[in-house]
Amino acid sequence: MTKSVGPAFHTATGYTLVDTSHGSGTLAADIKNGVAVADVFVSASPAVDTTLEGSANGNWVSWYAAFASSPEVLGYYPKSKFAKDLQTMPWYKVITLPGFRLGRTDPTQDPGGVLAVKALEETATAQNLPALKTLATETSDVYSEDPEEADIQTGQLDGAFMYEADANSQDSPFVMLTGTSLAGDYTITLVNKAPHLAAAEAFIKFLLGPTGQAEMKADNFDIVSPATVTGSGVPSGLTSLFNS
């Protein structure tokens, strides 16, 4: 969003994108609690959108559209002493080696953290590796999204669970989580009472249009085109973008 989509959006429309990047659950809670004011909400899980739906949740969202997905992978620091191991051994064995510094986001705040726990638990059962179940329950390897990304780039972590699109965006090498098929399913919606309605609609049109999709494809997102809507209340100016 910040590196490529935002500048391209500004060039195309004259609007400036102000992007706040955190775990989807954290962002939704900030919107619900009035800590953050948002025009557009992008989540990595449809389940998070539902926490903003209905009168009990403030009626912040009445619809959302699935527009892309990205597999959960294990990004790693290229100069890590475990880098060669990750290139030649199963990921689930490498992360249990003595001294390996692993990062994952908080599953209560970030869908990527939920997927990391699922990957660890499913693989622990499939490969009979109880050590992975231990990693799934420890809190010492839990990071907020931004510090996790910074630490994998500076070598404070040897490896971290992330979406492939994030790894591509920050030029982190990664390995696929063989034995799993987990992915972040991205949605976009217009937040009710958006203070910059015209700009918000313009951004959704841009992101789901040819230029926005090309930027996403450059980071290897799997594109859902046309995007598929759940819920009701899509503004008339946006309906042509979606499959209902």
- prompt: What is the range 98-151 by shape, rounded, prolate or oblate, if you read a ≥ b ≥ c off the alpha carbon gyration tensor as root eigenvalues and call it rounded for a/c under 1.5, prolate for a/b larger than b/c, and oblate otherwise?
  reply: oblate
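Quick one: if the Förster radius is 25 Å, what FRET efficiency do S21 and N128 give, using the C-beta to C-beta distance and rounding to 0.05? List each step's numbers first, then the result.
Working: r = 37 Å, r/R0 = 1.50.
E(calc), rounded to 0.05, equals 0.10.
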query: If you take the square roots of the eigenvalues of the alpha-carbon gyration tensor of the range 77-174 and sort them as a ≥ b ≥ c, do you get rounded (a/c under 1.5), prolate (a/b over b/c) or oblate?
result: oblate
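Using helices alone, what [θ] at 222 nm do you get for the chain, with -39,500 (n - 2.57) per DSSP H run of 4 or more residues, divided over all residues and rounded to the nearest 500? Please list the in-between numbers first.
Working: 11 runs with 94 residues, N = 244.
For the chain, the value works out to -10500 deg cm²/dmol.
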query: Counting only protein heavy atoms and using a 1.4 Å probe, what share of the accessible area of the chain belongs to carbon plus sulfur, as a whole percent?
result: 52
- prompt: Rounded to the nearest 0.05, what FRET efficiency is calculated for K79 and K32 with R0 set to 30 Å and r the Cβ-Cβ distance?
  reply: 0.15
message: Pairs of alpha-carbon atoms within less than 8 angstrom and 6+ residues apart define the contacts here; what relative contact order does the range 77-185 have, in percent?
response: 37
task: At 7 Å along the Cα-to-beta-carbon direction for both T108 and H10, put a label point, then send me their distance in nm to one decimal.
output: 3.7
field: Under-18-angstrom lysine pairs by C-alpha in the chain, whenever the two are 8 or more apart or on separate chains
entry: 8
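Just to confirm, what accessible area per residue do you get for the range 62-126 at 1.4 Å probe, in whole Å²? Working shown, then result.
On the way: 2630 Å² over 65 residues.
Result: 41 Å² of accessible area for each residue.
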statement: Rg (one decimal) and Dmax (whole number) from the Cα set of the chain, in Å, equal 18.6, 57
query: How big is the gap, in Å, between the Cα center of the range 175-204 and the Cα center of the range 111-174?
result: 21
query: Cα axis of helix 111-127 to longest principal axis of the chain: angle in degrees, 0 to 90, nearest 10?
result: 40
query: What percent antiparallel are the DSSP beta bridges of the chain, to the nearest 5?
result: 75
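Residues of the range 143-220: accessible area per residue at 1.4 Å, in Å²? All intermediate terms of the calculation are to be shown ahead of the outcome.
Values: 3310 Å² over 78 residues.
On a per-residue basis, the range 143-220 sits at 42 Å².
The values are calculated or read from the model by the stated rules, or taken from the named source; none is laboratory data. Keep in mind that what you see is a predicted model, and the values were worked out from it rather than measured. Glycine also receives a Cβ, built like all others from the backbone with ideal geometry; neighbour counts cover every protein chain displayed. Just the protein is used for accessible areas: all its heavy atoms, side chains included, with ligands, DNA and RNA removed. Shrake-Rupley method; radii C 1.70, N 1.55, O 1.52, S 1.80 Å.
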